[in-house]
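This report refers to the structure that appears directly beneath it.
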Amino acid sequence: MSLPVDHKLIYYFKKWVSISENDEARILSAFEPLTVKKKKDLLEPNEVCKYIYFITKGCLRSYYADEKGVEHIYQIRMDNNWISDLESFFTQKPSKYYIETLENSELLRISSEQLEHLYSEVPALERYFRILFQKAYINALERLNATMWESAEDRYSKILKEHPTMFQRVPLVYIASYLGITPESLSRIRKKR
């Protein structure tokens, strides 16, 4: 898609809700554009997550590091997706996660205050974000269920089918962590194919 950065956001809103040109201008004014270099943290543990980010171009991950320093990846998100720590964002309590750019990235971010204003001024967005947050909840449940009941091979096949470009853009060690397996296990699965 070769839309200007700002219009990618509008395109995705319009996939789910109807908004006017006046609404478009108000929406775009509520989002702050941000260009972030590779390997920069947008959020660190014990900080309150102040923003929801729309990725117009780039790749980010959210993860936590356990007491041994082992990283556990919760989300990997690429172009035209959202990333945040919704628990911290909504409760305004400190996060447990890092959010880090894996590539030079172009983002649009919105604060909780601006989002609340948008809900009032553009009521259709309340529906859009309700759908978005429902999908995020369902995705989290599906990932949890997959980790408990699906084989590593099945989880790998699913991610390969749904996000084939991830394997060109994300280090395999991160994909292994996202799948809940060791890099060695991922290597064995890939060799079988």
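The values are calculated or read from the model by the stated rules, or taken from the named source; none is laboratory data. Model, not experiment: these values are computed from the prediction. Because the Cβ atoms are built from the backbone with ideal geometry, glycine has one as well, and the counts that use them run over all protein chains shown. Keep in mind that these areas ignore ligands, DNA and RNA; they rest on the heavy atoms of the full protein, side chains included. Shrake-Rupley method; radii C 1.70, N 1.55, O 1.52, S 1.80 Å.
Structure values in brief
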quantity	calculated
Centre separation in Å (Cα based) which lies between region 132-151 and region 62-125	17
For peptides 42-48, 133-139, sequence by mean Cβ density within 10 Å, most packed first	42-48, 133-139
Residue-normalised accessible area of the chain, expressed per residue, 1.4 Å probe, Å²	58
Dipole magnitude of the chain about its Cα centre (Cβ charges: Lys, Arg +1; Asp, Glu -1), debye to nearest 20	880
Gyration tensor (Cα) of region 69-193, equivalent ellipsoid semi-axes in angstrom	31, 16, 15
Kirkwood Rh in Å, taken over all unlike Cα pairs in region 1-156	16.6
Principal-axis tilt of helix 112-121 within the chain, Cα atoms, nearest 10 degrees	50
Cross-link pairs LYS68/LYS93; LYS38/LYS68; LYS40/LYS192; LYS8/LYS161; LYS14/LYS39 - those with Cα-Cα distance over 30 Å	LYS40/LYS192; LYS14/LYS39
Region 123-169 shape via C-alpha gyration tensor axes, a/c threshold 1.5	oblate
